[in-house]
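First up is the structure itself, then whatever we jot down about it.
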Ligand code: PHE
């Protein structure tokens, strides 16, 4: 060798220590062995190994190691004896009544004991056990005991007998091993001398002047270094912000609202009749207490009862106590409608919100009792149905969904009404509803313009966005899964 390349590899002391134990032990060791032999901490070993790997000095392998271990039953048998032994010990006089034995030593010991010894020293007849050849039975027991005691050294056949008896079980573990590469093997002991290295210059070094002769650890900033796992936003938080950004960029104002609302705003103001199934206990979480009603409730009452000149109404007696009930909002339309009421004097409105809603639903891969909706309204002069479709299309387009479809639908508060579907894996998935608020909703507030409105599920969209099959995954703190999701 013309020059010693290892001098240029800038081996750290820990790296040298590890190479040395590898050389001493025939070039390969498991990680545990390296930790034990060097006395280094696991992180130090892993760190140094990743450097050594990068420098081409070691290779890392993973081996699956098959281990066997005692089951609970196996441990019990080792401690108190195998069932066949217990059985034999309890049939000392040569005959034993099976029922009595079961009472005394348990059904399991009797049944397993018989299975092991029947025909091999004992005989079963008329619900009785007879010992025919106690020596033979004892030998079987001895053999079985030996097998259990030495299970770690058995061949496959004996192992499978013990496994069938549920005395031992298989356990697979991953054995990680480091091995010197051809380059690594060429490193000589003279290159592995440990030098006192300084990794940090302190004020003491400067004051005492010891820095002059100190051996500083060299850094090579061009080298690869292990990638640190950094924290990142939860994927759902990221996705919510992405949605918010799109509406903000489209000139929408963001609005907020409380989770607990009155039935009036959640339903009545939206012309949902009081006998509508969505208002029942099995669909909605009601909360104790009552809310006050806004002044215009009298108009709402008339609209529900007789249409108040707009239509024929629902034709029933509207009950203000029903409207005063408190509940956990079942949709974020409660917020946009309240916002519309408060701003009914304005000419133009473009508002959106992303908020959590609550429904009494059973959890399954596509349903949660708590989820988010993306809600929005547009009110401006001459706003119309094509504008609604265009706005929604634009939103989905900016989010990356190029293929969406609208289907006619029905909501008590919009006309026309539509459903939005998006294509995913060749299937169409329903994402939410939209429409133009009916005059029965807007006219009692004094609004004459057409108000475009929508409310769309957020989690289902996020599932497609992240390619997740189970909606619940979005709410589990499974760090591995979260780490695996890309920062989009
Ligand atoms: N609120 C409806 C839902 O929860 C969606 C919707 C909002 C429909 C606005 C029309 C207009 O499904």
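The values are calculated or read from the model by the stated rules, or taken from the named source; none is laboratory data. Keep in mind that what you see is a predicted model, and the values were worked out from it rather than measured. Cβ sites come from the backbone with ideal geometry, for glycine too, and all protein chains shown count toward neighbours.
Considering only the range 24-83, how many residues are touching a helix residue (DSSP H, G or I) at 6+ places or on another chain (Cβ under 8 Å) and within 30 Å of residue 143 (Cα to Cα)?
Counting residues in the range 24-83 that are touching a helix residue (DSSP H, G or I) at 6+ places or on another chain (Cβ under 8 Å) and within 30 Å of residue 143 (Cα to Cα) gives 9.
Kindly indicate which of 443, 419 is modelled with pLDDT of 95 or more and within 11 Å of the ligand (Cβ to nearest atom). Spell out the reasoning first.
Values: 443 fails: within 11 Å of the ligand (Cβ to nearest atom).
Of 443, 419, the one residue that is modelled with pLDDT of 95 or more and within 11 Å of the ligand (Cβ to nearest atom) is 419.
Could you please find all residues in the range 301-311 being part of a loop (DSSP other than H, G, I, E, B) and surrounded by 17 or more Cβ atoms within 10 Å (Cβ to Cβ)? Please lay out each step first, then the result.
Going through the range 301-311, the residues part of a loop (DSSP other than H, G, I, E, B) turn out to be 310-311.
Within the range 301-311, just 310 meets the criteria.
Within the range 115-130, work out how many residues are in contact with a helix residue (DSSP H, G or I) (Cβ under 7 Å, 6 or more places away or on another chain) and surrounded by 12 or more Cβ atoms within 10 Å (Cβ to Cβ). Walk me through how you get there before you give the answer.
Step one: of the range 115-130, the residues in contact with a helix residue (DSSP H, G or I) (Cβ under 7 Å, 6 or more places away or on another chain) are 116-117, 120-122, 124, 127-129.
From the residues that got through so far, the ones that are surrounded by 12 or more Cβ atoms within 10 Å (Cβ to Cβ) too are 116-117, 120-122, 124, 128-129.
Number of matching residues: 8.
Identify all residues within the range 446-488 that are within 16 Å of the ligand (Cβ to nearest atom) and under 21 Å from residue 344 (Cβ atoms); write none if there are none.
Listed by number, the residues that qualify are 447, 449, 450, 451, 452, 453, 454, 455.
Answer yes if at least one residue in the range 358-372 is within 18 Å of residue 250 (Cβ to Cβ) and either within 16 Å of the ligand (Cβ to nearest atom) or surrounded by fewer than 20 Cβ atoms within 10 Å (Cβ to Cβ) (or both), and no otherwise.
Here is the first cut: in the range 358-372, the residues within 18 Å of residue 250 (Cβ to Cβ) are none.
Checked against the condition, which is being within 18 Å of residue 250 (Cβ to Cβ) and either within 16 Å of the ligand (Cβ to nearest atom) or surrounded by fewer than 20 Cβ atoms within 10 Å (Cβ to Cβ) (or both), the range 358-372 yields no hits at all.
So is residue 354 under 30 Å from residue 473 (Cα atoms) and in contact with a helix residue (DSSP H, G or I) (Cβ under 6 Å, 6 or more places away or on another chain) or not?
Working: under 30 Å from residue 473 (Cα atoms): yes; in contact with a helix residue (DSSP H, G or I) (Cβ under 6 Å, 6 or more places away or on another chain): yes.
Yes: the conditions hold for residue 354.
Examine the range 263-272 for a residue that is touching a residue at least 60 places away in the same chain (Cβ under 8 Å) and farther than 19 Å from residue 332 by Cα, and state whether such a residue exists.
No, the range 263-272 contains no residue that is touching a residue at least 60 places away in the same chain (Cβ under 8 Å) and farther than 19 Å from residue 332 by Cα.
Tell me, please, whether a residue that is more than 20 Å from residue 447 (Cα to Cα) and within 16 Å of the ligand (Cβ to nearest atom) can be found in the range 284-291. I'd like the intermediate steps shown before the answer.
Restricting attention to the range 284-291, the residues satisfying the condition of being more than 20 Å from residue 447 (Cα to Cα) are 284-291.
Going one step further and asking which of them are within 16 Å of the ligand (Cβ to nearest atom), we end up with 284-285.
Yes - at least one qualifying residue is present in the range 284-291.
So, of the residues in the range 312-341 that are outside any helix (DSSP H, G or I) and more than 19 Å from residue 283 (Cα to Cα), which turns out to be nearest to the ligand (Cβ to nearest atom)?
Here is the first cut: in the range 312-341, the residues outside any helix (DSSP H, G or I) are 312-319, 325-332.
Remaining after also requiring more than 19 Å from residue 283 (Cα to Cα): 312-319.
Details: 312: 22, 313: 20, 314: 18, 315: 23, 316: 22, 317: 26, 318: 21, 319: 23 Å.
So the residue we want is 314.
Could you please let me know if residue 431 is more than 30 Å from residue 308 (Cα to Cα), within 12 Å of the ligand (Cβ to nearest atom) and either in contact with a helix residue (DSSP H, G or I) (Cβ under 6 Å, 6 or more places away or on another chain) or at pLDDT below 95 (or both)? Spell out the reasoning first.
Numbers: more than 30 Å from residue 308 (Cα to Cα): yes; within 12 Å of the ligand (Cβ to nearest atom): yes; either in contact with a helix residue (DSSP H, G or I) (Cβ under 6 Å, 6 or more places away or on another chain) or at pLDDT below 95 (or both): yes.
Yes, satisfied.
Show me the helices (runs of 4 or more DSSP H) found entirely inside the range 184-300 where at least 1 residues are over 45 Å from the mean Cα position of the chain (by Cα). Full working, then the answer.
Values: elements: 203-208, 235-249, 263-266.
Once the helices (runs of 4 or more DSSP H) in the range 184-300 are filtered for at least 1 residues that are over 45 Å from the mean Cα position of the chain (by Cα), what remains is 203-208.
Output yes when any residue across the range 380-392 is touching a helix residue (DSSP H, G or I) at 6+ places or on another chain (Cβ under 9 Å), closer than 24 Å to residue 267 by Cβ and within 12 Å of the ligand (Cβ to nearest atom), and no when none is. Don't jump to the end; show me each part of the working.
Step one: list which residues in the range 380-392 are touching a helix residue (DSSP H, G or I) at 6+ places or on another chain (Cβ under 9 Å), which gives 380.
Imposing the further condition that a residue be closer than 24 Å to residue 267 by Cβ reduces the set to none.
There is no residue in the range 380-392 that is touching a helix residue (DSSP H, G or I) at 6+ places or on another chain (Cβ under 9 Å), closer than 24 Å to residue 267 by Cβ and within 12 Å of the ligand (Cβ to nearest atom).
Please enumerate the residues belonging to the range 159-174 that are in contact with a strand residue (DSSP E or B) (Cβ under 8 Å, 6 or more places away or on another chain) and either in a loop (DSSP other than H, G, I, E, B) or surrounded by fewer than 14 Cβ atoms within 10 Å (Cβ to Cβ) (or both).
167, 170, 171, 172, 173, 174
Quick one: would you say residue 422 is touching a residue at least 24 places away in the same chain (Cβ under 8 Å) and within 30 Å of residue 301 (Cα to Cα)?
Values: touching a residue at least 24 places away in the same chain (Cβ under 8 Å): yes; within 30 Å of residue 301 (Cα to Cα): no.
Taking the combined requirement at face value, the residue does not satisfy it.
Just name the residue that is farthest from residue 55 (Cα to Cα) out of those in the range 6-20 that are touching a helix residue (DSSP H, G or I) at 6+ places or on another chain (Cβ under 9 Å) and modelled with pLDDT under 55.
Step by step, filter the range 6-20, then rank; the result is 7.
Looking only at residues that are buried (at least 17 other Cβ atoms within 10 Å of the Cβ) and modelled with pLDDT under 95 in the range 400-416, which one is nearest to the ligand (Cβ to nearest atom)?
Selected residue: 404.
Filter the range 312-328 down to the residues that are within 50 Å of the chain's Cα centre (by Cα) and surrounded by fewer than 16 Cβ atoms within 10 Å (Cβ to Cβ) and list them by number. Reasoning before the result, please.
Narrowing the range 312-328 to residues within 50 Å of the chain's Cα centre (by Cα): 313-328.
Across the range 312-328, the qualifying residues are 315, 316, 317, 319, 320, 321, 322.
With the checklist (1) surrounded by fewer than 13 Cβ atoms within 10 Å (Cβ to Cβ); (2) in contact (Cβ under 8 Å) with a residue 12 or more places away in the chain in hand, flag the one item residue 213 doesn't pass.
For residue 213, the exception is condition (2).
Looking only at the range 362-374, count how many residues are farther than 18 Å from residue 409 by Cβ, part of a strand (DSSP E or B) and in contact with a strand residue (DSSP E or B) (Cβ under 9 Å, 6 or more places away or on another chain).
Taking the range 362-374 first, the residues farther than 18 Å from residue 409 by Cβ are 362-372.
Pick out the ones that are also part of a strand (DSSP E or B) and you get 364, 367, 370-372.
Within this subset, residues satisfying the condition of being in contact with a strand residue (DSSP E or B) (Cβ under 9 Å, 6 or more places away or on another chain) are 370-372.
Result for the range 362-374: 3.
Go through the range 1-119 and tell me which helices (runs of 4 or more DSSP H), entirely inside it, have 3 or more residues that are more than 24 Å from residue 194 (Cα to Cα). Talk me through it step by step, then tell me what you get.
On the way: elements: 13-24, 31-38, 42-54, 72-80, 83-89, 98-105, 107-117.
The helices (runs of 4 or more DSSP H) meeting that bar are 72-80, 83-89, 98-105, 107-117.
Which of (1) closer than 26 Å to residue 242 by Cβ; (2) in contact (Cβ under 8 Å) with a residue 24 or more places away in the chain does residue 481 not meet, given it meets every other one?
Among (1) closer than 26 Å to residue 242 by Cβ; (2) in contact (Cβ under 8 Å) with a residue 24 or more places away in the chain, residue 481 violates only (2).
Hey, does the range 222-241 have a residue that's surrounded by 13 or more Cβ atoms within 10 Å (Cβ to Cβ), under 21 Å from residue 333 (Cβ atoms) and in contact with a strand residue (DSSP E or B) (Cβ under 8 Å, 6 or more places away or on another chain)?
yes
Hey, can you tell me all the residues within the range 242-253 that are touching a helix residue (DSSP H, G or I) at 6+ places or on another chain (Cβ under 8 Å) and surrounded by 12 or more Cβ atoms within 10 Å (Cβ to Cβ)?
If we filter the range 242-253 for residues that are touching a helix residue (DSSP H, G or I) at 6+ places or on another chain (Cβ under 8 Å), which is where we start, we get 242-243, 246-247, 249-250.
Across the range 242-253, the qualifying residues are 242, 243, 246, 247, 250.
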